[in-house]
Amino acid sequence: MADTPEQSFASIAQRFNELPNTRKFAVLVSLAAAVALVVGLFMWARTPDYRVLFSNLSERDGGAVVTALQQMNVPYKMAEGSGAILVPSEQVYDLRFRLASQGLPRGGAIGFELMDNAKIGMTQFQEQVTYQRALEGELARTIQALSPVESARVHLAIPKPSVFIRDKQEPSASVFVNLYSGRALDVSQVNSIVHLVSSSVPELTPDHVTVVDQAGRLLTGKNDAGSLHGLNASQLDYLQEVEAYYAKRVESIVSPIVGDGNVRAEVRADLDFSESESTSETYKPNPGAEQQTVRSHQSVLDINGGGSQATGIPGALSNQPPGPATAPLTAQAGAATGTTAAASQTSSGSRREENTINYEVDRTIRHTKESLGRVKRLSVAVVVNYRQQPGQAAKPLAPDEMQQVTNLVREAMGFNQERGDTVNVVNTAFTETKVEPADIPLWKDPSNVAFAKETLKNLLVIGLAFYLVFGVLRPLLKDWLKAKPVEIEKNTEDLLAAFDAKLAKKELTGYDAHLSSVRDFAKQNPKAAADIIKEWMSKE
């Protein structure tokens, strides 16, 4: 019958008590080491994989982030040397979103809060430096609000004011921006940063502001670089919008005829961004008297004295006869200049008459200002797919259908032959390119890789634990707990002969007598009894 657990434990305890003290100590140390090793392996297997949550944080932001993690009961570690905060890898992105909702990290720049801790006894120089640091921090925070900018630093060079004009120096500024991976600042955003900084510092002009990115590229020198035909960024954007607008119009008018996805249109627009103004003034010939408009009319009549007294200056001039009368047409021609005058004198007395009429002069003043971005020329290229019929091969469109498509394209683009517009419509079969989704191998799938890592780690721990318990610890304990060997004469053959002789001398009275003798011998010589049984089994 098999021994019960209580009997097995009692047997092990009895063997342990029979061991010397040195062996007892070795067994205890081995058991403790094995237990500690197994527990350590299981704890290592259950320890999460830590990844960087934030790095290069200021002391203020680092303390705020650690406090928030403690409040959320999230385990964290501090990397030695770098000051990075490590959290379990499966919680990195979730924690970043949750901390961002709390406004953490706020950034290493310090703004006008420096002015809140002003110390008594600060010199004017210290106050100026503190103000400059605060202004730099506030500008850096504002620039970091731009979506492509991860972090920013601003350096201001503000010279000391001088009462002498020739010693006066202009301030300057340098801006360093660290952009997110795959992001870039366009020209308009760079100009926005430049004008933002220049508008925040007195007497700072945009020409004295420099913007540099993390790769060392000078961004403020790219205002005209990379432009197409001298166009700036806004003009290029407008050009692309115009081309996309006309292309969309063409595709939308042709798609109902040939089907969705069976037409492609590309438009090249030549726009005139030159700005011009002109003023012209035109005078028309004077119309007839009945069509003229009187502006002013002045009439003067002066009669002085009577009789035949001589008047005027004595001499030959006063004795001359009066001049010829003025004809009405001549008078009107003179009125075209704006004034008509008439005077007469009679021999019977003095008489003076003046008549002045001013007429409006016809003139036209035209002020013309050409609009920016007007279309000078359009070039449209359209490709139409063959007609698709179920169960049949694709066929080209008929000539009349192609003519209809061409006419629709002309109308949609606003074709103008005088400005040199061109249209080219081609009917051809499209080449279908089937893009099959890339099958990610199992060993490259992130989820499978993470699962494999976790599984291998657990299997390794279990394997090591089994090896330590059953491969090292168990044989060692069995060897140390083994009882002292009983000295037996010579060998197993001698023991068998002695056993047979003892049985032969003893008077046997049945089965019980034989069984009692065997038990007595087995108790006295357990090793010999075991060897005898092995010998019997080997013979059978």
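Only alpha carbons enter this Debye calculation for segment 101-181, each as an equal point scatterer, and the log10 of I(q)/I(0) it gives at q = 0.17, 0.19, 0.25 Å⁻¹ is -0.80, -0.91, -1.18. Note on SER280: accessible area is roughly 50 Å² with a 1.4 Å probe, heavy atoms of protein only.
Taking 0.36 nm per residue of separation and subtracting the Cα-Cα distance, full extension of the segment from PHE97 to ILE462 would add 127.7 nm. The modelled label-to-label distance for the pair VAL361/PHE16, using points 7 Å beyond Cα in the direction of Cβ, is 13.1 nm.
Spin-label pair VAL423-GLN404: with each label point 7 Å from Cα along the Cα-Cβ axis, the two points sit 1.5 nm from one another. For GLU59 and GLN71, the difference between the fully extended length at 0.36 nm per residue and the C-alpha to C-alpha distance is 2.5 nm.
Ratio to report: Rg/Rh of segment 75-221, with Cα atoms as the point set and Rh obtained by the Kirkwood method; give two decimals.
On the way: Rg = 18.8 Å, Rh = 17.8 Å.
Ratio of gyration radius to Kirkwood radius: 1.05.
Between PHE25 and VAL294, the simple label model (points 7 Å from Cα in the Cβ direction) yields a spacing of 14.4 nm.
Of LYS119/LYS168; LYS248/LYS376; LYS77/LYS457, which sit over 24 Å apart, Cα to Cα? Please report the intermediate quantities before stating the final value.
Numbers: LYS119/LYS168 31 Å; LYS248/LYS376 19 Å; LYS77/LYS457 22 Å.
The answer is LYS119/LYS168.
The values are calculated or read from the model by the stated rules, or taken from the named source; none is laboratory data. Keep in mind that this is a model prediction, so the values were computed, not measured. No Cβ is skipped: glycine too gets one built from the backbone with ideal geometry, and neighbour counts run over all protein chains shown. Areas reflect the complete protein model, heavy atoms only, side chains present, ligands, DNA and RNA absent. Shrake-Rupley method; radii C 1.70, N 1.55, O 1.52, S 1.80 Å.
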